[in-house]
There are 2 protein chains.
Amino acid sequence: MTVATEIDRDEALDIPTLMRGIGEAAKAAAAELSYASGATRDAALLAAAEALEDTVPAILDANAADMEFGRAKGLSAAMMDRLMLDAGRVGAIAGGLREVAAQPDPLGRVLAEWDQPNGLHFRKVATPLGVIGVIYESRPNVTADAGGLCLKSGNAAILRGGSESFHSSGAIHAALVAGLRAAGLPETAIQRVPTRDRAAVGEMLAMPGLIDVIVPRGGKGLVGRVQSDARVPVFAHLEGICHIYADAAADPEKARAVIVNAKTRRTGICGAAECLLFHRDFLAAHGAGVIGDLLDAGVEVRGDAGVQALDARVVAAGPEDWGREYLDMIVAAKVVADVDEAIAHIRTYGSSHTEAVLTEDDAVAERFFGRLDSAILLRNASTQFADGGEFGFGAEIGIATGKMHARGPVGAEQLTSFKYLVEGNGTLRP
Amino acid sequence: MTVATEIDRDEALDIPTLMRGIGEAAKAAAAELSYASGATRDAALLAAAEALEDTVPAILDANAADMEFGRAKGLSAAMMDRLMLDAGRVGAIAGGLREVAAQPDPLGRVLAEWDQPNGLHFRKVATPLGVIGVIYESRPNVTADAGGLCLKSGNAAILRGGSESFHSSGAIHAALVAGLRAAGLPETAIQRVPTRDRAAVGEMLAMPGLIDVIVPRGGKGLVGRVQSDARVPVFAHLEGICHIYADAAADPEKARAVIVNAKTRRTGICGAAECLLFHRDFLAAHGAGVIGDLLDAGVEVRGDAGVQALDARVVAAGPEDWGREYLDMIVAAKVVADVDEAIAHIRTYGSSHTEAVLTEDDAVAERFFGRLDSAILLRNASTQFADGGEFGFGAEIGIATGKMHARGPVGAEQLTSFKYLVEGNGTLRP
């Protein structure tokens, strides 16, 4: 395998025609998938898991080519780690597919059922969305995770991974196709864009008749571009500017532990806390302890005057620190007069992703829950729980902050639509 | 009141600035509405109903101005009838608001609730969508129906009615504002675009940060323009090309009655049947009776050769008759070999709105229900049941054929989103 021929623009390809063909094949496959049984879809997932394990050497060879490309391109150590596969990681990817297979079928669920006085019997039944386009960056496992979730929910997938993981994704995709083939499902149910040409992304965003929804997975640059350019709905979050409000009635021990966990457990995930809002009474009584914990853990604290007064190590926060996603060992912190000021701050600077209130006062918690409209609101728990697995959804295709259709961690259930099935007995409308 | 000054282009107005102001006011009102209690929202609806009844003379004066404008413009009798209000019709509009008020609160519903082993308690709770833009044509009652449903579901509304009903809508809107005021809600919770300038519609379609969803109500021209130009999600149906498949195992008496009802009860609604697909055995045994019923009822039947052979009055169908929405006393009809051919025809020519299967054979019904993906599928019942009221939803803001978020008759429940409320006890993510 050679990396010498990698190019960003592939002049030999007619990208619009290529993508239209992929879209049409996906639409046709989606129609078949929509009535394939849950057992058949699960069989394909299990066969894909097996194919992954059977082709570990080929996958690692492909990954070696990507790693060589990455080294030549000068990728950071963190990026290289995201890119890297070994037998253990491939096994984990296969395990993920088996977990998805073991979940209940999201299709055919009766979401509501009722009778009308004229004898009509109504059922609202879950159906697939159709064709899902997934645009992602360097992690090759997304190929299997996203493809598997789409298949579980009866949706055809068009996967466009980052150029860094091009070969790895290709090898993983081959295993997914083997799974589809083994189960007798159309191989085009999960397609991968077979070029690194960036024009393919633009085409995906502008295929409203062929792609029903786009899921971008990656940094703010990618998500922002998809959100602004897509002609179809997008399930995504641009940022996770997660706030924690420590109320006057917060339990200090719980608060210290939750705040440190929310900031430091992992700083690079969208559920990491980025801004702390302290009730002035809490700050006066317990602020020094909390801030000290964070500083001792190596966090840079950027505080307003009230927070700065607690510890000489606190840096002065500037206006740019409010509403900022650090994704790093840095946190903004400020004093507020009460829960309403915290709510007002979050409404102004939040990203509708995840916020937490720390309080033993039910009325305060109710106000925080009622007056904020983030996808996830927590009480006395770490914002790092913003994750489909932690919600019990199994795998997630991403976290959405929009209010249309999908919200919060998007698992297989949210990748469905519905139809109404109505049964009568020669029933006429008067 | 004068009609002499009506113009399509209002040069005196800065439409982008006007619409931005309306959008910003709506967004601010939506934030307040999102935590107003259900009792307050219902009080506003009831007060609006009362205000409508208290201002009947003013509403009828305004309507007289619209009728004069309509006559001068040469509107058809059908259009004039849609436009016309009298005390009875105003009373019915008020009654509609009271019915919406009497419905259960769509907000705050716990859509799901569960615990995780770590002690976290999860609730998925219904929330408003935000700001809903409604663009409609001549019926002035839509002002109250759409405004009322948005208010019931905690959403701010921006209403843009047709120019023919400009004054009537204004007078009805004034009653809605009186209701909001009486209940202490922001008067900008239901706004009306105060100009006939068509540029306002273009602005509404391009305000993604301020309008969350657009609902177009009207003919194909309006809906098509909104669907192609909107930068925000659209809940709509472009056409209702409803099919009925009469299977070999259809009960002939039920079939005759359902087909005549589905075509002739009202021809101008989106649930009216437009195309009949007859299993060849059904046609041979019972086709002459069904076709005779339709012809005797005054329906023009456009058939393929098999249908034409049954009755000399049947006209030959051309290729343009498949997939056509007549909204008139005309129906297309053809012979198919079996349910699969019917399904294939509907997949090619349908509009994903409503289709019916007439059969006593459960396996055929299951195949029809499973392999088609229209918003509404009926068995042995008239397609004219495609209506929110008939579903038991109370009022509907429209019928949607898309698969994203809302589908089928869109009542107050589908005008909601959700958020996750998670409660812990100092819970940390390991």
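The values are calculated or read from the model by the stated rules, or taken from the named source; none is laboratory data. Small disclaimer: the values here were computed from a predicted structure and weren't measured. Positions of Cβ are generated from backbone atoms using ideal geometry, with glycine treated the same way; all protein chains shown enter the neighbour counts.
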Q. Does the range B:413-430 hold any residues that are in a strand (DSSP E or B) and facing another protein chain (nearest Cβ under 7 Å), and which are they?
A. B:S417, B:F418, B:K419, B:Y420, B:L421, B:V422, B:E423, B:G424, B:N425, B:G426, B:T427
Q. Can you tell me which residue in the range A:190-205 is nearest to the chain's Cα centre (by Cα), limited to those that are closer than 21 Å to A:V177 by Cα and in a loop (DSSP other than H, G, I, E, B)?
A. A:V193
Q | helices (runs of 4 or more DSSP H) completely within the range B:223-327 that count 1 or more residues being within 14 Å of chain A (Cβ to nearest Cβ) | A | B:252-264, B:288-296
Q. Can you name the residue in the range A:176-205 that is small (G, A, S) and farther than 23 Å from A:K152 by Cβ and, of all such residues, is surrounded by the fewest Cβ atoms within 10 Å (Cβ to Cβ)?
A. A:G202
Q. Among the residues of the range B:369-381 satisfying the criterion of being over 18 Å from the mean Cα position of the chain (by Cα) and closer than 19 Å to B:K263 by Cβ, which is surrounded by the most Cβ atoms within 10 Å (Cβ to Cβ)?
A. B:L378
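To keep it simple, each residue is scored yes or no on (1) over 18 Å from A:A249 (Cα atoms); (2) in contact with a Gly (Cβ under 8 Å, 6 or more places away or on another chain).
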residue: A:A316; (1), (2): yes, yes
residue: A:V339; (1), (2): no, no
residue: A:G350; (1), (2): yes, yes
residue: A:V364; (1), (2): no, no
residue: A:L378; (1), (2): no, yes
residue: A:A386; (1), (2): yes, yes
residue: A:G392; (1), (2): yes, no
residue: A:G424; (1), (2): yes, yes
residue: A:R429; (1), (2): yes, no
Q. Could you say whether any residue in the range B:263-276 is surrounded by fewer than 22 Cβ atoms within 10 Å (Cβ to Cβ), modelled with pLDDT under 95 and among the hydrophobic types (A, V, I, L, M, F, W, C)?
A. yes
Q. Which ranges mark the strands (runs of 3 or more DSSP E) fully within the range B:53-141 that have 3 or more residues being out of contact with any His (no Cβ under 6 Å at 6 or more places or on another chain), at pLDDT 95 or above and crowded, with 17+ Cβ neighbours inside 10 Å?
A. B:121-128, B:131-136
Q | Test result for B:A344, under 28 Å from A:S34 (Cβ atoms) and in contact with a Lys or Arg (Cβ under 9 Å, 6 or more places away or on another chain) | A | no
(Q) Yes or no: the range B:354-363 includes at least one residue that is under 27 Å from B:I214 (Cα atoms), touching a strand residue (DSSP E or B) at 6+ places or on another chain (Cβ under 8 Å) and either surrounded by 21 or more Cβ atoms within 10 Å (Cβ to Cβ) or not assigned by TED's automatic domain parsing to the domain that holds B:K254 (or both). (A) yes
Q) Being free of Cβ contacts under 8 Å to residues at least 12 places away in the same chain and more than 18 Å from the chain's Cα centre (by Cα), is that true of even one residue in the range B:168-180? A) no
Q: For the range B:206-222, enumerate the residues that are surrounded by fewer than 17 Cβ atoms within 10 Å (Cβ to Cβ) and either part of a loop (DSSP other than H, G, I, E, B) or touching a Leu at 6+ places or on another chain (Cβ under 9 Å) (or both).
A: B:A206, B:P208, B:G209, B:G219, B:K220
**Q.** Subset of the range A:351-386 (residues that are under 30 Å from A:K152 (Cβ atoms) and at the interface with another protein chain (Cβ under 8 Å from one of its Cβ atoms))
**A.** A:D373, A:S374, A:A375, A:I376, A:L377, A:L378, A:A381, A:S382, A:Q384, A:F385
**Q.** Single unsatisfied condition, A:A156 versus (1) within 14 Å of chain B (Cβ to nearest Cβ); (2) within 17 Å of the chain's Cα centre (by Cα)
**A.** (2)
Q: Evaluate the range B:390-405: report whether one residue or more is out of contact with any Leu (no Cβ under 7 Å at 6 or more places or on another chain), modelled with pLDDT of 95 or more, over 30 Å from B:G130 (Cα atoms) and not assigned by TED's automatic domain parsing to the domain that holds B:G154.
A: no
Q. Among B:D293, B:D251, which is the only one that is more than 24 Å from the chain's Cα centre (by Cα) and without any contact (Cβ under 8 Å) to a residue 40 or more places away in the chain?
A. B:D293
Q | the range B:387-412 - residue that is at the interface with chain A (Cβ under 10 Å from one of its Cβ atoms), of a type in the set (A, V, I, L, M, F, W, C) and over 19 Å from A:H121 (Cα atoms) and, of those, farthest from the chain's Cα centre (by Cα) | A | B:M404
